[in-house]
């Protein structure tokens, strides 16, 4: 399988650019801010976006070493947790467009990582499940991403990591809660 990754340079996420220099109309560099000044005036949303981008980049690099993409990892992980499910359920759970999901599953099936079979209860739909090779590949990916995560969270001690995880779980639950108790993500 061909692997492509978005290549982000190993540079700080904030570019330290001021809007536009009035004299020449081009961006100019600002002086570096103290670490406590990283929070944008409007709140923490930009910091969350920066952390998400850097997390995605680091996870993508770790998976690329295994010739895997983050979407493939997401599919394998979800199938491991959910068991065999329909393509429609898988796409909805991971928010992947059906036409994109078909190509992704074709590649995973060609690599022997998933199997698609007609649902005996409803012959109109396919159930997708992991193969033994898919389980092994997922375990390798989990180890690689755990190492990347440990590096990302290395500035935090064990207590701070537990607190951070708790806050992430609460925020994710809140953000993903849909109308009438449904889930949006």
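The values are calculated or read from the model by the stated rules, or taken from the named source; none is laboratory data. Fair warning: this is a prediction, and the values are worked out from it, not measured in the lab. Virtual Cβ from ideal backbone geometry, glycine too; neighbours counted across all protein chains shown.
So that you can scan it fast, the table gives a plain yes or no per residue for (1) at pLDDT below 95; (2) loosely packed, with under 13 Cβ neighbours inside 10 Å; (3) over 30 Å from residue 155 (Cβ atoms):
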| residue | (1), (2), (3) |
| --- | --- |
| 40 | yes, no, no |
| 49 | yes, yes, no |
| 52 | yes, yes, no |
| 83 | yes, yes, yes |
| 95 | yes, yes, yes |
| 109 | no, no, yes |
| 143 | no, yes, no |
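With the requirement that a residue be within 18 Å of the chain's Cα centre (by Cα) and outside any helix (DSSP H, G or I), what does region 151-172 give you?
Passing the criteria: only 153.
Assuming residue 116 fulfils every condition listed in (1) part of a helix (DSSP H, G or I); (2) touching a helix residue (DSSP H, G or I) at 6+ places or on another chain (Cβ under 7 Å) apart from one, which condition is it?
(1)
Looking only at region 92-110, filter to residues that are touching a helix residue (DSSP H, G or I) at 6+ places or on another chain (Cβ under 8 Å) and outside any helix (DSSP H, G or I); which one of those is farthest from residue 135 (Cα to Cα)?
Looking at the filtered set, the residue picked out is 97.
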